[in-house]
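The structure appears right after this line, and notes come after that.
Values in this text are rule-based calculations from the coordinates and carry no lab data. Quick caveat: nothing in here was measured; it's all calculated off a predicted structure. All Cβ positions, glycine included, derive from the backbone under ideal geometry; neighbour counts span all protein chains shown.
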Amino acid sequence: MNRPKHGGNLAWAAAVAGCPASSIMDFSASINPLGPPSRAIAVVRQNLDRLTAYPDPNYTQLKETLARYHQISADYILPGNGSAELLTWAGWELSQQQVTYLITPAFGDYWRALTAFKANWSKCQLNLGYLEREQITTLADILPDQDLIPVNSGLLLNNPHNPTGKIWTRDEILPYLAKFALVVVDEAFMDFLPPGEEQSLIYAVKDFPNLVILRSLTKFYSLPGLRIGYAIANPDRIQQWQKFRDPWSVNTLAAIAAETVIGDKQFQQQTWNWLPPTRKELWQGLASLPGLQPLNSAANFLLVKTTKSSTQLQAELLKKYQILIRDCLSFPELGDRYFRIAVRSQQDNNYLLEALSNSC
């Protein structure tokens, strides 16, 4: 079985560990351990009889619910089969630019989307040394000088950044909206930042028709199996994507669950209360272990530098403890000296720390 390029491949992990997939403690996929919200489970069960009918092809109710939540017109919203489907269409548009700038290391699906349409891209390397030393690094330190950016160019930005957890501020992103012909911002992990700390640019879409925001509902609400995300962009672009893609890309139960969870303020607040102290405690535990250096993160995962081969460490944790961590071989700039882990429950985190203390 080939080594997976993404986290969460429990079938592969179980084959390596020699145990059932249900026995694997998965730190490789950055999914909220507090979910799915009970309201989502309940509404899915209550609507099983709707499986006999096709979904609304316009997803009217879902779009209106998301529009109210983000205080924007429903015409700006396009639900998708996870944000991955919408990233494909973003890749198609970026391929029409003279060049697309991509901050690396980058989420592997960006390469898929850009390569699928033979886009021309330019790598902009994030200085990991700055992050490891907790030094400030801005987009201006990474991207070309604004005066040197070609007129017909694109920018694909991840905020918070995966795999480092680095958060870019609105103020440092906004000037680039006037410089690039197309800016795609993947905000898959933005929900994990509470109001007052989040740096979403959704509010700017109305003023910048060249801006596309991608959002995921699978990570924050722990619904990866339902595959639900959405894009927020200029209505003309939304209509074009709608014409090109397959009909009924979002299944009925995913749409209903999304309508329910987006208004679950109790679950949202519970997550915002849980994450910062739990992440901090896990970071401190990792930092105390010899050979490990965790990076600060604004998201629900931590990138960890290791003096030991991460693939060797991954195999050892699987075989001895049935723990799956994310190796970073799919990020060429990281190789086998970094691994990424999700922030899970305190009990699970402590089990991981104990396993790492015996393996590092």
When the Cα centres of segment 130-177 and segment 210-237 are compared, how far apart do they sit, in Å?
21
Which of 265/319; 63/206; 166/320 exceed 28 Å between C-alpha atoms? The answer is 265/319; 166/320
If I model a spin label as a point 7 Å beyond the Cα along the Cα-Cβ vector, how far apart are those points for residue 319 and residue 345 in nm?
2.9
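Grab the Cα-Cα distance for residue 265 and residue 71, subtract it from 0.36 nm times how many residues apart they are, and report the gain in nm with one decimal.
68.3 nm
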Lys, Arg +1 and Asp, Glu -1 on Cβ, resulting dipole of the chain about Cα centre, debye, nearest 20
700
Count charges around residue 191 for me, please; just the other residues with Cβ under 11 Å from its Cβ, Lys/Arg as +1, Asp/Glu as -1.
0
Rank by packing, highest mean first: peptides 36-46, 132-142, with packing defined as the count of other Cβ atoms within 10 Å averaged across residues.
36-46, 132-142
Suppose each label sits 7 Å from its Cα in the direction of the beta carbon; what would the residue 138-residue 296 distance come out to in nanometres?
1.6
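Which length gain, in nm to one decimal place, applies between residue 127 and residue 19 when the Cα-Cα distance is subtracted from 0.36 nm times their residue separation?
Length gained between residue 127 and residue 19: 35.0 nm.
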For residue 240 and residue 287, FRET efficiency with R0 = 45 Å and r from the beta-carbon atoms, rounded to 0.05?
0.40
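What is the Å³ per residue value for the convex hull set by the Cα atoms of segment 38-263?
Working: hull volume 28.0 nm³, N = 226.
Normalising the Cα hull of segment 38-263 by residue number yields 124 Å³.
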